[in-house]
1. So, in the range 91-115, exactly how many residues are part of a loop (DSSP other than H, G, I, E, B) and among the aliphatic types (A, V, I, L, M)?
2. Going by what's in this entry, would GLU74 be described as within 16 Å of the ligand (Cβ to nearest atom) and either more than 21 Å from GLN179 (Cβ to Cβ) or touching a strand residue (DSSP E or B) at 6+ places or on another chain (Cβ under 7 Å) (or both)?
3. Show the residue pairs meeting these rules: Cβ distance below 7 Å; 6+ apart or different chains; first residue within the range 75-86 and buried (at least 17 other Cβ atoms within 10 Å of the Cβ); second residue polar (S, T, N, Q).
4. Is it the case, given these coordinates, that LEU132 is closer than 15 Å to LEU60 by Cβ, part of a loop (DSSP other than H, G, I, E, B) and of a type in the set (A, V, I, L, M)?
5. Within the range 140-163, how many residues are outside any strand (DSSP E or B), under 13 Å from THR180 (Cβ atoms) and aliphatic (A, V, I, L, M)?
6. Find the residue count for the range 164-179, including only residues that are farther than 15 Å from THR72 by Cβ and either in a loop (DSSP other than H, G, I, E, B) or β-branched (Val, Ile, Thr) (or both).
7. How many residues does the range 97-115 contain that are within 23 Å of the chain's Cα centre (by Cα) and free of Cβ contacts under 8 Å to residues at least 40 places away in the same chain?
8. If I go through the range 180-194 residue by residue, how many of them are outside any loop (DSSP other than H, G, I, E, B) and more than 12 Å from the ligand (Cβ to nearest atom)?
Amino acid sequence: MNHRLISLTLVTSLAAACSGAQTGDDVVASPDAAAAPDAAPAIDGEPGAPDAAPAAALILDEVFAAGVTGGTYEEDWVELYNPNPDPVDVSGWHCTDDPTMPMKGVFPADTIVPAMGYLQFAVTDASVGFKLAQGGESFTFFDAADVMVDTVTYGDGEAGTDTNVVSYARIPDLTGAFQTTATVTPGAANPATP
Ligand SMILES: [Ca+2]
């Protein structure tokens, strides 16, 4: 009788042990199951890449409004940056310093912003039909589909004067808000700090 009781106890214990092991397997399996849903968003995220590709927007990075004959800069200018891996031809794109006249100026032929590069573009009567006012105004440009690409509005003297050679630039370069800087950098990266 005692032997049978011991045997039954052992069988019961083994069964419990096996059951526990299975439970343990289930616990181990749960993280695997949880991992699958984690992987799904990664797959969902991939279609997001093509969405980013068409965003070939250029960046208006710096403006200088105090061009003067004989000065450091003889013409007003803006600096554009192309974050794309291919050059962007902006010939025919529109720009303006008057929000009521968005089609005021047209970028002339052969105006190309290099891939991952900067373009210092002269804003003159000869190039687009207007200049930038030292007293403050806006500069806005539009792509070939007349969709606004970027804009900036500066105040009196913020983008330079005849006696103060400063520009109005995104600081830090490309990503920051516009502010006045004495480190004027046409066609090159803006400083990290004013
Ligand atoms: Ca610059």
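1. Residues in the range 91-115 being part of a loop (DSSP other than H, G, I, E, B) and among the aliphatic types (A, V, I, L, M): 4 in total.
2. Spelling it out, it is not the case that GLU74 is within 16 Å of the ligand (Cβ to nearest atom) and either more than 21 Å from GLN179 (Cβ to Cβ) or touching a strand residue (DSSP E or B) at 6+ places or on another chain (Cβ under 7 Å) (or both).
3. GLU75/THR124; ASP76/THR124; TRP77/GLN120; GLU79/GLN120
4. Judged against the criteria, LEU132 is a match.
5. Total satisfying the criteria: 1.
6. Number satisfying all stated conditions: 6.
7. 5
8. Residues in the range 180-194 being outside any loop (DSSP other than H, G, I, E, B) and more than 12 Å from the ligand (Cβ to nearest atom): 1 in total.
Values quoted throughout were computed directly from the atomic coordinates according to the rules given, and no laboratory measurement underlies them. Remember, predicted model here, so these are calculated numbers, not experimental data. Heads up, the Cβs are rebuilt from the backbone with ideal geometry, glycines too, and the neighbour counts pull from every protein chain shown.
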